[in-house]
Amino acid sequence: MNSPTIHPSAIVDEGAFIGEGSRIWHWVHVCGGARIGKGVSLGQNVFVGNKVVIGDHCKIQNNVSVYDNVTLEEGVFCGPSMVFTNVHNPRAFIERKNEYRNTLVKKGATLGANCSIVCGTTVGEYAFVGAGAVVTKDVPAYALVVGVPARHIGWMSEFGEHLALPLQGHCETTCPRTGARYVINDRTVTKLP
């Protein structure tokens, strides 16, 4: 890996940590307390708050603001103009910085373009949030959720392919692209070794 690439129009405040090989594009602002891993891409007009952790190999597309108390684990994809929040009941005239709620997006999850992740939720490993969805509650690992509010309609493989599994039950299937095996037990999907 090599040193981070930072476009001259970007603002990276003193104290921010940016891992090797990361790329920071036009008009990005990274606050001083942010922790950004290796091989991360921050697209044009991205904002990263002070109390933010971004894991290795995440891709954050244009016009995304990652506000305080958001943690992205390794390999998270944030689609263009998707939204994070950190205050559950904001009012312009009431200061609520001591009420920020934590949001966790686990390894390999995809957050589609223009979706919204309401604070205080966890998006599970390799989950897939469809474009424009509004996540108001936790999303299970490998789940596919769409709509407003987001509802669970299926399961996705680590490769990002739809899995032929019911929403609940006991059975097994394979990823149509990789052949990797997945099993559902009740309402939990796991990848088999």
Within the stretch 66-84, take every residue that is among the hydroxyl-bearing types (Ser, Thr, Tyr) and touching a strand residue (DSSP E or B) at 6+ places or on another chain (Cβ under 7 Å) and give me the one that is least open to solvent (accessible area, probe 1.4 Å).
Thr71
Please note which strands (runs of 3 or more DSSP E) are completely contained in the stretch 130-193 and include at least 2 residues that are open to solvent by 20 Å² or more (accessible area, probe 1.4 Å), closer than 24 Å to Gly120 by Cβ and of a type outside the set (A, V, I, L, M).
151-156
Against the condition of a type outside the set (Lys, Arg), modelled with pLDDT of 95 or more, over 23 Å from Tyr142 (Cα atoms) and buried (at least 18 other Cβ atoms within 10 Å of the Cβ), how does Cys119 come out, does it pass?
no
For the stretch 23-53, give me each residue that is open to solvent by less than 50 Å² (accessible area, probe 1.4 Å), within 17 Å of the chain's Cα centre (by Cα) and either of a type outside the set (A, V, I, L, M, F, W, C) or more than 23 Å from Asn102 (Cα to Cα) (or both).
Gly37, Gly39, Ser41, Gly43, Gly49
Residue under question is Leu104, and the condition is that it be surrounded by fewer than 20 Cβ atoms within 10 Å (Cβ to Cβ) and of a type in the set (A, V, I, L, M); does it hold?
yes
What number of residues in the stretch 1-18 are in a loop (DSSP other than H, G, I, E, B) and either out of contact with any Ser or Thr (no Cβ under 7 Å at 6 or more places or on another chain) or closer than 15 Å to Val52 by Cβ (or both)?
11
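The values are calculated or read from the model by the stated rules, or taken from the named source; none is laboratory data. All values reported here derive from a predicted model rather than from experimental measurement. Positions of Cβ are backbone-derived with ideal geometry, glycine not excepted, and every protein chain shown enters the neighbour counts. Keep in mind that these areas ignore ligands, DNA and RNA; they rest on the heavy atoms of the full protein, side chains included. Shrake-Rupley method; radii C 1.70, N 1.55, O 1.52, S 1.80 Å.
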